[in-house]
Amino acid sequence: MNRRELFTSFTPAFALGEPLATCGSELIPNAPLRTHEGKTVRFYDEVIKGRQVIINMMYADCASQCSTVTSTLAKVHEALQARMGRDLFMHSITVKPEQDDPAALKSFAEMHDAIRPGWTFFTGDPYDIETIRYRLFRMDHIKFDTDLSFHTAQLRIINDATNCWTCVSPFASLYTVLEHIAWADPPKSLEERLEDNRRLQQKIDQEVRQYGYRKIV
Amino acid sequence: MSDVTAPRKRNRTRTRQDHVVTEPGVTRRTFVKAGVAVGAAAVLTSRKSTVQAQVPPPPPAEPVLCGTTPPVSPPTTPFLDVLSAPSAAVPQALFPFPTLAANTGAGEAARANHQRWLEFFPNVFYQMDARPSLHTFHSNLLPSYMWTFNNAYPAPTPLNFYGVPSLVRFKNNLPVATASFGRNEITVHLHNGHTASESDGFAGDFFGTGLFKDNHYANAYAGIDAFGGIGDPNEAMHTFWFHDHRAAFTANNNYLGLNGMYIVYDETDPGHELPIGDSLQLPNYYSVTDIPLILTDKRFCAAANGRNELFQVVGAGAPGGDKWVVNGKIQPRMTVRRRKYRFRILNTGPAKTWNLTLVKPDGTQGTMTVVAVDANFLEHPFNLSSGPLTVFVASRYDVIIDFSAFPAGSKLYLREAAAQNVGVAASGLPPGLAIENVVMRFDVVNREFWFPPDTPPVPATLCTLPVLPPPDAFFQWDFTLVNGVFLINGLPFDANRIDHVVLQGTTEEWTLANDVAAGNWTHPVHIHFEEGRILSRRVRVSQNPDVFQNVPLTFDELGRRDVYPLPPQHRVVMRQQFRDFLGRYLIHCHNMNHEDDFMMVRWDIVDSIEELSTKRREIDRQRRLAGVRPQYEGGLV
């Protein structure tokens, strides 16, 4: 036995990369939704299960907020191009399914240059959409949970494989949004984390030399 | 011997190599040293058994969560368990020895160098291991899966002295992957330590499993530069607490148990009751006559798999509890002697505000003498005998209760205004008191000969408040909520963006303005770094946004504070100094669910006018880019 292992403080309950007992199936409705391409998919089984996804709520004729959010998402997509459609997906769900049919979503996506690999727009039965919105974005406050306009302004990031959920305001800087998306990345090995830590230390040292303390990113 | 090691070996071979977190940089030599440090007994036995003594208990299995609908917690018989103070943390040697620069080679999390390291070279060292463990909240309940420091909930309490700097090594041994709703990255904040930024637990400075971080606590008063030595003794604070501050997961990690108390003694509050020096002779023997009451609310799942797991929903914030927990126990009892006791009441949240009263055997309200608020002594003690003691999240109230007025055999109760779920009937309660409101019971007995005698009456004057310098600048923090996002001065939290810069050594007068439209929340706003003083409080009283009415300050707002309760439409004007250290600090709502929804803002302390104006110019440039009003139009400095 390697003596170093004596210092092992724990045995991980789950092996890296292997799927966890996820609560996704319990939380996320498996409702049939229609995509902007007109396909019908099961929301949990075919869209989220085992994947890392970025989810936001929007609607097609939303004037200001949704456009800002969608353009942020487009920037995120550009930054994470290599992963998009492979192990990272972007889902935009309409909060007004009764107005937004697949064609409307498609034209919205075209208008925002959002026809990109791994990025899908969804509409569906209003009851299902409402349930999804409540399950993914609830704030446990009667006012906020019933006000539709409140839910166009948060990105939900879920890694269903590792059971990791987080969220970020799309109005934060691109750097911060990317950082939050990375929080849901599959866990790294200790060696990789130590390497990241060393890189961060170099960055801090450089900033301290250059700016006296830590700089504005 | 072989019986013990064999299953362990089998377990190891089953584990894939990359899952095993090995403490980096630990050689066999330091390992043997650590073994020696454990004690002579370990040295005398064979090396193999030393090895056995070093192996920590295996972590508990990950929890199986009980769905998304909040359950009703199982019934618990009141007063079955005995309340005890968290154990005192034991100082220990640290290997590898702490260093000025982050020892990344040994696995220390990246940070800037410790400030004032040689000036306050640490004399006392603690290690706090964040790890999963089981805790039983009540004898009627099965153990619950938690994340705790050193396998204890609440964490062991480091007892420190002003003038004796300490260093706490926070080690992250949380699981690589978890089924709980916690996040296995931590950054620990000592609330409200006068701490250098790199040890302050900045929300963005979290570190992952397998790494550790040395937090350097100077245990000095604020005003080191101005007063020399260990600073201005009038800035003394005594009742601190430390907790995880991981951005976006603070509520979850604290609900799972990553918090504890931290006490610093000085001459006026020396940790003993003897009439020596300037001692105020308050009840002061830790865990004997000076007891932390660490309050939180929890909700439990029905028994399954040999556990009563804490209710939690992955992806959501911390749920509201239906069991009132004090020092990790539900409705405990405590035997008290007929003398004065000091209770250090701390609300660890995550979100609940407590309204506490002391109920006497005849059902009327008893007197609690409040001596300290948010770790700071009040100038004069306040006898609270009508109305509740309102404790917002993260606030601390040190109260003295004198049990000598009650005959042996009497029972007093700590009452919380909101009702919990008990599920078991109780008899013999004072008239008008429902068991659902009872937090804990005090059983009065006569003082035994060996128990410390009563302390003298609480002095009429406890401290001299420090001189409050005139402000060098004014600033306003606007808390709003737009489209479901908490904004401060128009922007959401971004750990990588500075929202205000102050110059070291100056004083600023800040207005905290709560314009959160829909909420009826009182936000307990916490400002890191130094204690502030509330100057005035006003409330908007009409539709006209500019009409305000003054609100008289309550007794607990007359002294120094670090948590500023901010009800809707209120304006709190407070003044704070920025001395001794530099770096990145935070203001946030200490309702941890709001904090995780980014009701938080970063501000920096710099030490040169050039840097101040450069950074302020940069802030305004970024604000213009983001489409919000620049802050420093009146002048950069």
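Looking at the structure I just gave you, is B:Arg333 more than 14 Å from chain A (Cβ to nearest Cβ) and surrounded by fewer than 22 Cβ atoms within 10 Å (Cβ to Cβ)? Answer is yes for this residue.
Okay, residues lined up against (1) under 21 Å from B:Lys329 (Cα atoms); (2) out of contact with any helix residue (DSSP H, G or I) (no Cβ under 9 Å at 6 or more places or on another chain); (3) surrounded by 20 or more Cβ atoms within 10 Å (Cβ to Cβ):
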residue	(1), (2), (3)
B:Gly366	no, no, yes
B:Leu378	no, no, yes
B:Ser410	no, no, no
B:Glu416	yes, no, yes
B:Leu429	yes, no, no
B:Val444	yes, no, yes
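Of all the listed residues (B:Phe479, B:Phe493, B:Phe474, B:Phe449), the sole one being in contact with a strand residue (DSSP E or B) (Cβ under 7 Å, 6 or more places away or on another chain) and in a loop (DSSP other than H, G, I, E, B) is B:Phe493.
When restricted to residues that are out of contact with any Gly (no Cβ under 6 Å at 6 or more places or on another chain) and either surrounded by fewer than 24 Cβ atoms within 10 Å (Cβ to Cβ) or within 13 Å of another protein chain (Cβ to nearest Cβ) (or both), segment B:171-192 contains 15.
Annotation: of all residues in segment B:190-203 being assigned to a loop (DSSP other than H, G, I, E, B) and not polar (S, T, N, Q), the one that is farthest from B:Glu531 (Cα to Cα) is B:Ala203.
Listed by first and then second residue, the pairs linking a residue in segment B:257-276 that is over 17 Å from B:Ile345 (Cβ atoms) to a residue that is surrounded by 19 or more Cβ atoms within 10 Å (Cβ to Cβ) and basic (Lys, Arg), with Cβ atoms under 9 Å apart and 6 or more places separating them unless they lie on different chains, are B:Leu258/B:Arg246.
Applying the condition of being among the aliphatic types (A, V, I, L, M) and at pLDDT 95 or above to segment B:245-273 and asking which residue is surrounded by the fewest Cβ atoms within 10 Å (Cβ to Cβ) yields B:Ile263. Reported count of residues in segment A:42-75, each being within 14 Å of chain B (Cβ to nearest Cβ), within 17 Å of the chain's Cα centre (by Cα) and free of Cβ contacts under 8 Å to residues at least 40 places away in the same chain, is 1. Scanning segment B:204-218 for residues that are in a loop (DSSP other than H, G, I, E, B) and either buried (at least 24 other Cβ atoms within 10 Å of the Cβ) or of a type in the set (Val, Ile, Thr) (or both) gives B:Asp205, B:Phe206, B:Thr209, B:Gly210, B:Leu211, B:Ala218. Checked against the criterion of being in contact with a Phe, Trp or Tyr (Cβ under 8 Å, 6 or more places away or on another chain) and either among the small types (Gly, Ala, Ser) or not in a strand (DSSP E or B) (or both), segment B:453-470 has at least one qualifying residue. Taking segment A:108-217 as the region of interest, the helices (runs of 4 or more DSSP H) fully inside it that hold 1 or more residues being farther than 23 Å from A:Ser25 by Cβ are A:142-146, A:174-183, A:190-211.
Have a look at B:Arg617, B:Arg623 and point out the one that is basic (Lys, Arg) and free of Cβ contacts under 8 Å to residues at least 40 places away in the same chain. So the residue among B:Arg617, B:Arg623 that is basic (Lys, Arg) and free of Cβ contacts under 8 Å to residues at least 40 places away in the same chain is B:Arg617. Strands (runs of 3 or more DSSP E) wholly in segment B:99-189 with at least 1 residues that are touching a strand residue (DSSP E or B) at 6+ places or on another chain (Cβ under 8 Å), among the charged types (D, E, K, R) and within 20 Å of A:Leu194 (Cβ to Cβ) - which ones? Result: B:124-135, B:166-172.
Within segment A:90-107, the set of residues being more than 13 Å from A:Thr35 (Cβ to Cβ) and of a type outside the set (D, E, K, R) comprises A:Val95, A:Gln99, A:Ser107.
Taking segment B:566-585, which residues are assigned to a strand (DSSP E or B) and surrounded by fewer than 24 Cβ atoms within 10 Å (Cβ to Cβ)? Residues satisfying the conditions are B:Leu566, B:His570, B:Arg571, B:Val573, B:Met574, B:Arg575, B:Gln576, B:Gly583, B:Arg584, B:Tyr585.
Each row is one residue, and each column tells you yes or no for (1) under 17 Å from the mean Cα position of the chain (by Cα); (2) crowded, with 22+ Cβ neighbours inside 10 Å; (3) away from every other protein chain (no Cβ under 14 Å); (4) within 18 Å of A:Val47 (Cβ to Cβ).
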residue	(1), (2), (3), (4)
A:Asp101	no, no, yes, no
A:Phe108	no, yes, yes, no
A:Asp113	no, no, yes, no
A:Gly118	yes, no, yes, yes
A:Arg133	yes, no, no, yes
A:Asp147	no, no, no, no
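Of all residues in segment B:326-365, those satisfying the criterion of being in a loop (DSSP other than H, G, I, E, B), modelled with pLDDT of 95 or more and either of a type in the set (A, V, I, L, M) or under 11 Å from B:Met440 (Cβ atoms) (or both) are B:Asn327, B:Gln331, B:Pro332. Return the only residue of B:Asp200, B:Asp129, B:Asp205 being within 14 Å of chain A (Cβ to nearest Cβ) and over 27 Å from B:Asn327 (Cβ atoms). Step by step, each of B:Asp200, B:Asp129, B:Asp205 is checked, and only B:Asp205 is within 14 Å of chain A (Cβ to nearest Cβ) and over 27 Å from B:Asn327 (Cβ atoms). Scanning segment A:149-183 for residues that are among the small types (Gly, Ala, Ser), closer than 24 Å to A:Val47 by Cα and within 7 Å of chain B (Cβ to nearest Cβ) yields a total of 2. May I ask you to verify whether B:Gln622 is out of contact with any Asp or Glu (no Cβ under 7 Å at 6 or more places or on another chain), part of a strand (DSSP E or B) and surrounded by fewer than 20 Cβ atoms within 10 Å (Cβ to Cβ)? No; evaluated as a whole, the condition is false for this residue. Checking each residue of segment B:359-366 against the condition of being away from every other protein chain (no Cβ under 14 Å), on the phi > 0 side of the Ramachandran plot and among the charged types (D, E, K, R) gives no match.
Pairs meeting the criteria (first residue in segment B:418-432 and within 20 Å of B:Thr364 (Cβ to Cβ), second residue part of a loop (DSSP other than H, G, I, E, B) and basic (Lys, Arg), beta carbons under 8 Å, at least 6 apart or on different chains) are B:Pro430/B:Lys360.
Of the residues in segment B:399-407, at least one is over 30 Å from A:Phe137 (Cα atoms), away from chain A (no Cβ under 14 Å) and assigned to a loop (DSSP other than H, G, I, E, B). Taking each residue of segment A:184-201 that is touching a residue at least 12 places away in the same chain (Cβ under 8 Å) and at the interface with chain B (Cβ under 7 Å from one of its Cβ atoms) and looking for partners that are of a type in the set (Asp, Glu) and surrounded by 14 or more Cβ atoms within 10 Å (Cβ to Cβ) with beta-carbon atoms closer than 8 Å, six or more apart or interchain, yields A:Ser189/B:Asp18. Which residue is farthest from the other protein chains (Cβ to nearest Cβ), if the candidates are limited to segment B:104-121 and must be closer than 17 Å to B:Phe212 by Cα and in contact with a Pro (Cβ under 6 Å, 6 or more places away or on another chain)? Among residues in segment B:104-121 that are closer than 17 Å to B:Phe212 by Cα and in contact with a Pro (Cβ under 6 Å, 6 or more places away or on another chain), the one farthest from the other protein chains (Cβ to nearest Cβ) is B:Ala106. Taking B:Gly428 as the residue in question, decide whether it is at pLDDT below 95, part of a loop (DSSP other than H, G, I, E, B) and over 29 Å from B:Gly193 (Cα atoms). So B:Gly428 fits the description; yes.
The values are calculated or read from the model by the stated rules, or taken from the named source; none is laboratory data. Just so it is clear, the model here is predicted, and its values are computed rather than measured. In this analysis, Cβ positions are derived from the backbone assuming ideal geometry, glycine residues included, and neighbour counts consider all displayed protein chains.
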